Amino acid sequence: MRKKIVAGNWKMNKNLADAGTLLSDLKSKLGQVSGAEVIVAPTFTNLQSTVEALKGSNIQVSAQNMHQAENGAFTGEISADMLTSVGVQTVILGHSERRAYFGETDALLAEKVNTALAHGMKVIFCFGEELEDRKSENHFKVVEGQLKNGLFHIEASAWKNIVLAYEPVWAIGTGETASPEQAQEMHAFIRKTIEQSYTAAIAEEVSILYGGSVKPANAAEIFAKADVDGGLIGGAALDAEGFAAIAGSF
């Protein structure tokens, strides 16, 4: 049975003191949540302190990004070895903001996936179409391309370390709204695409998260869909009460 997962991406928010307060609140509010695996992804500067703060809790820690090289003259970047050395075993790759603002391509992300897997890390792999793709009815083709170009080179055995996160970029901060039915339609397509290139067993086992503005008010309805296994949460992850409510929606 595939895992239900709620992951909170803090993005570029929370200094050390603010992060400590949020983590304290999360531990108290999420202590009784058992229906889903809970992950938080703070900034690089807060990773080590977050790992320490969450020891003994039911909350896991992820990085928001990493470089594909093992080391070298890459000022400002963070390697897989650096992450695992402070106890971080999960990394988000391919987030829509990394693709849009920092020019990350499918080819680059394939390299990052390879590096993360080589270090035994779990990858939360993000992908999704823009508004123009949806309006031109090109959304399935775009999603299929991002999946295949970024992930379908990996061995079948590596899928146990992959979590997918579908981000309908057109439904995030645009005024457009994605329905639970649209989420289910795409998630079912994603699962079918994996089955066609790998096996039905792998497709059925991989967790597919929804990353389209999930909030306490809509989480239960979205998570009730057959192929939606949780969410990659942005803004709502910065509020302990709201994030706990989302995590408890299962």
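List of remarks:
- Taking only alpha carbon atoms, region 1-137 gives an Rg to Rh ratio of 0.99, where Rh is the Kirkwood radius.
- Rg(Cα) / (2.2 N^0.38 Å) computed for the chain, rounded to two decimals: 0.95
- Calculated FRET efficiency for the pair LYS141/GLU111, C-beta based, R₀ 25 Å, to 0.05: 0.60
- Residues ASP229, ASP25 arranged by fewest to most Cβ contacts within 10 Å: ASP25, ASP229
- Region 29-118: trypsin sites (Lys or Arg not before Pro) in DSSP loop, at most 12 other beta carbons within 10 Å: LYS55
- Using a Förster distance of 25 Å, the FRET efficiency for LYS3-ALA217 (Cβ separation, nearest 0.05): 0.55
- Relative contact order for region 159-242, counting Cα pairs under 8 Å that sit 6 or more residues apart, in percent: 36
- Contour minus Cα-Cα distance for ALA200 and ALA224 (0.36 nm per residue): 6.5 nm
- Orientation-averaged projected area, Cα convex hull of region 93-138 (nm²): 3.5
- Relative exposure of HIS153, HIS95, HIS67, judged by other C-beta atoms within 10 Å (fewest first): HIS153, HIS67, HIS95
- Take the Cα of GLU181, step 7 Å toward its Cβ, do the same at SER57, and the gap between the two points is 3.9 nm.
- Listed from fewest to most Cβ neighbours within 10 Å, the set ARG134, ARG2 follows the order ARG2, ARG134.
- Using every pair of separate Cα atoms, the Kirkwood estimate puts the hydrodynamic radius of region 102-222 at 15.0 angstrom.
- Cut-off 12 Å between beta-carbons: net charge of the residues surrounding ILE5, Lys and Arg +1, Asp and Glu -1: +2
- Ratio of Rg to Rh for region 67-155: 1.02 [Cα atoms; Kirkwood radius as inverse mean 1/r over pairs].
- For region 197-250, Kirkwood radius (reciprocal of mean inverse C-alpha pair distance, Å): 11.8
- Taking the Cα centre of region 23-127 as origin and assigning +1 to Lys and Arg Cβ atoms and -1 to Asp and Glu Cβ atoms, the resulting dipole is close to 320 debye.
- For the pair region 211-247 / region 4-56, the C-alpha centres are spaced 15 Å from each other.
- Highest GNM mean-square fluctuation among TYR198, TYR101, TYR210, for the chain modelled with Cα contacts below 10 Å: TYR101.
- Across the chain, the relative contact order, built from alpha-carbon pairs under 8 Å that are at least six residues apart, equals 23 percent.
- Of PHE125, PHE74, PHE189, the one that fluctuates the most in a GNM where the chain has Cα springs shorter than 10 Å: PHE74
- The GNM of the chain, with springs linking C-alpha atoms under 10 angstrom apart, assigns the highest mean-square fluctuation among SER197, SER24, SER136 to SER136.
- Compactness of region 182-225 is given as radius of gyration and Dmax, 11.9, 36 Å, from Cα positions.
Every number in this text was worked out from the coordinates using simple rules, so none of it is lab data. In this text, all values refer to a predicted model and were calculated from it rather than measured experimentally. Please note: Cβ atoms are built from the backbone with ideal geometry, for glycine as well, and neighbour counts cover all protein chains shown.
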